[in-house]
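Student: Below you will find the structure I want to go over with you.
The values are calculated or read from the model by the stated rules, or taken from the named source; none is laboratory data. None of these values were measured; they are calculated from a predicted model. Cβ placement follows ideal geometry from the backbone for every residue including glycine, while neighbour counts extend to all protein chains displayed.
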Amino acid sequence: MACNYKPSHAFTAPAGEVSRRFADGDSAHMDLMPDAQQISRIMAEATAPAFVLGAVAGFVSILLGRMTALVDRIRSLNEIADDDATRAHLKSDIPRLRRRAKLLNNATYLALASGICTSLLLVVGFMSAFFKLQHEYGAGLLFMFALGLLAGALFRFVQDVRIGLSEADHFR
């Protein structure tokens, strides 16, 4: 069985388009440049993920600030001498502080994963506009997944806040 595929290399399409004529007279055509209306639509659709991405960046900053303060508190408690009778009881707070650090670490990873997912959503949106592909269902799923990760991070943050409202954090 012989293959009759013999492409000619004559490209006759306008700028931004690729066209190929085959030996049997058929041609294939692909427009590589999205039109202004499609780019405008994608820019409008990118607004919500862009705001989510900004919120995630701010949230990660808050989480890391709390984590830094928590680690500093653990270090200061570890520096208390065992023979210091007035402050040695504060060392009993270290396991609770380590639990909070674990929650904040988990929240940070979830928030960063949400940011990565949101960034991927923006890339998929623009790439689908470039190649003129339908992306609504995939974009919706990615957005829901990103928001689910962000909700998980917020839940872990709430757990840390609840644990952190103890009097032991106010002693020096």
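Student: Output yes when any residue across segment 136-151 is more than 30 Å from Q38 (Cα to Cα), part of a helix (DSSP H, G or I) and either assigned by TED's automatic domain parsing to the domain that holds R66 or without any contact (Cβ under 8 Å) to a residue 60 or more places away in the chain (or both), and no when none is.
Tutor: Yes, segment 136-151 contains a residue that is more than 30 Å from Q38 (Cα to Cα), part of a helix (DSSP H, G or I) and either assigned by TED's automatic domain parsing to the domain that holds R66 or without any contact (Cβ under 8 Å) to a residue 60 or more places away in the chain (or both).
Student: Only residues in segment 152-164 that are within 12 Å of Y109 (Cα to Cα) and in contact (Cβ under 8 Å) with a residue 40 or more places away in the chain count as the first member; pair them with residues that are crowded, with 17+ Cβ neighbours inside 10 Å and polar (S, T, N, Q), Cβ under 7 angstrom, at least 6 apart or cross-chain, and list the lot.
Tutor: Filtered contacts from segment 152-164: A153/S114; R156/N106.
Student: If L133 passes every condition in (1) assigned to a helix (DSSP H, G or I); (2) free of Cβ contacts under 8 Å to residues at least 40 places away in the same chain but one, which one does it miss?
Tutor: All conditions pass for L133, except number (1).
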